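Here the structure comes first, spelled out in structure tokens, and everything after it is commentary.
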Amino acid sequence: MLDQLLDDLAQAAEDRDSARFFDVMPRLFAAAEGADRQTLSAVLARLSGLFERVPSGIGARLGVLCGALAERGADPAPAAEPLVNGLSDCLELAGTFAAAWRTATGEEPPEPVDDDYGWIPATAERLTGAALTREQAIVLTDAWTLAHLWAMPVMSILQLSPQVRAALPGRERLIAALGSVLDERADLEFLAGLLRVLDGERLIVLHRESGRGYEVLISGIGDNFQLHTLLAGALSGPAADGLLEGVRPDPAWVRAAADGPVEPGAEPVRGQFNLVDANGKWIWNEGRPADIPRLDGVRVVVLDPPPYARTWSPGRMYPMMRGDVRLRRILPQEEAAAWLAKVARGGIDRSA
């Protein structure tokens with residue numbers, strides 16, 4: 001059944017038969033329900049070869065299908081390159097649309113409207129003039145509407161696979177293309193954050209009050225709320241074992257910040273520390289680990305007592321991405337003291 005549907009989809013792509021293509025895609029997805037990982041991966045691998053044979057509008061929807069199969073368990077690696085290429089193509093055109101729109105109208109670019117075929121030609125009409133033909137304006141407007149659709153499967157595979165995050169093909173081009181349009185498209189900030197996620201990143205964590213220090217490895221962490229929670233979970237324990245007493249978070253908070261669900265009726269997370277960087281500046285929970293500055297080539301986090309009570313909702317910014325803080329080693333006393341001697345004292349920083 002799956003093989004026949006894949007053959008039908010490939011033939012529709014060959015014939016440029018969009019109606020047939022859109023008819024087969026949902027039937028293929030339905031037929032794949034309950035398939036094992038090996039089967040799903042084989043289906044996704046075959047679909048990955050179709051992107052170069054379809055126009056962008058169909059490719060974006062084919063990408064959504066690939067992302068949905070990855071969420072069911074398919075290996076997303078074969079789809080990474082065509083998805084990133086398609087998204088980068090779309091974002092570059094969308095950035096051109098935004099610049100052309102401001103030049104032509106003097107206005108901020110409009111909110112994109114998908115699946116409204118009257119909106120695209122009407123919007124493109126305002127771009128048409130000496131600089132752009134109607135056909136060119138249609139292409140740019142179409143890209144403006146498709147950007148979020150192309151981004152959806154890329155966001156899925158980035159959350160699901162640390163291997164894809166580590167070896168994302170076309171990363172630099174994608175970052176540049178996203179940068180050309182991000183100021184105009186708040187709906188793409190979720191993607192921008194995913195492209196800044198650190199995996200296998202070494203942190204030096206210093207507990208100023210006790211003089212203890214730790215080396216940890218972090219992966220898949222979307223923001224510093226999640227980092228804060230997982231650091232407390234990783235470093236809490238008996239002082240006799242070199243760990244920190246009195247900071248143990250509720251295990252439900254840790255599970256929700258790692259890869260578990262938010263439990264019904266869960267209490268708000270209570271902050272155990274004030275996170276400070278090596279320069280003495282507060283590390284705001286709303287930021288990201290990639291924002292933490294380096295000292296001697298390593299990101300350093302100092303744990304100070306919380307100056308006031310902080311609470312936040314349990315969970316994680318990217319629900320499909322596993323977050324992890326792993327204690328690699330407890331620093332010898334002399335090494336911890338040397339690091340503490342290098343860092344600035346934490347001040348009262350009220351800046352956002």
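The values are calculated or read from the model by the stated rules, or taken from the named source; none is laboratory data. As the structure is a computational prediction, the values presented were derived from the model and not from experiment. Cβ sites come from the backbone with ideal geometry, for glycine too, and all protein chains shown count toward neighbours. Side chains are part of the model used for accessible areas, which takes the heavy atoms of the whole protein and leaves out ligands, DNA and RNA. Shrake-Rupley method; radii C 1.70, N 1.55, O 1.52, S 1.80 Å.
Quick one: if the Förster radius is 45 Å, what FRET efficiency do GLN38 and ARG173 give, using the C-beta to C-beta distance and rounding to 0.05? It comes to 0.90.
Placing +1 on the Cβ of every Lys and Arg and -1 on the Cβ of every Asp and Glu, with nothing else charged, gives the stretch 115-179 a dipole about its Cα centre of roughly 320 debye.
Heavy-atom surface analysis with a 1.4 Å probe gives the chain a carbon and sulfur content of 51 percent of its accessible area.
Compared with the direct C-alpha span, the chain from ARG53 to THR311 gains 87.8 nm at full extension, assuming 0.36 nm per residue.
Relative to the longest principal axis of the Cα atoms of the chain, helix 77-105 runs at roughly 80 degrees. Derived scalar couplings between HN and Hα for the stretch 210-225 equal 8, x, 7, x, 9, 10, 10, 10, 10, 8, x, 9, x, 8, 7, 4 Hz in order, rounded to whole Hz, by the Karplus curve 6.51 cos²θ - 1.76 cosθ + 1.60 (θ = phi - 60°), x for Gly and Pro. Dipole of the stretch 184-279 computed with +1 at Lys/Arg Cβ and -1 at Asp/Glu Cβ about the Cα centre; of VAL247, GLY260, GLY271, farthest Cα towards the positive end is VAL247. Relative contact order for the chain: 15 percent, from Cα pairs under 8 Å spaced at least 6 residues apart, divided by residue count.
So for the chain, taking the charge dipole from beta-carbon charges (+1 Lys/Arg, -1 Asp/Glu), which of ALA13, PRO332, SER161 sits furthest toward the positive end? Toward the positive end, the furthest listed residue is PRO332. Taking all protein chains together, ARG61, ARG185 sort by accessible area into ARG61, ARG185, largest first [probe 1.4 Å]. Site pair ALA45 and ARG326 shows an inter-label distance of 2.7 nm when each label is modelled 7 Å from Cα along Cα→Cβ.
Note on ALA338 and GLU263: the model spin-label points, each 7 Å out from Cα along the C-beta direction, lie 4.2 nm apart. Length available on full extension from GLU111 to SER180: 0.36 nm per residue minus the Cα-Cα distance, which gives 23.2 nm.
Dipole magnitude for the chain: about 1260 debye, using +1 per Lys or Arg Cβ and -1 per Asp or Glu Cβ, origin at the Cα centre.
Once the other residues with Cβ under 10 Å from the Cβ of ARG328 are scored (Lys, Arg +1; Asp, Glu -1), what is the net sum?
Computed value for this residue: +2.
Full extension of the chain segment joining ARG345 with ASP3 gains 116.7 nm, where the gain is 0.36 nm per residue of separation less the Cα-Cα distance.
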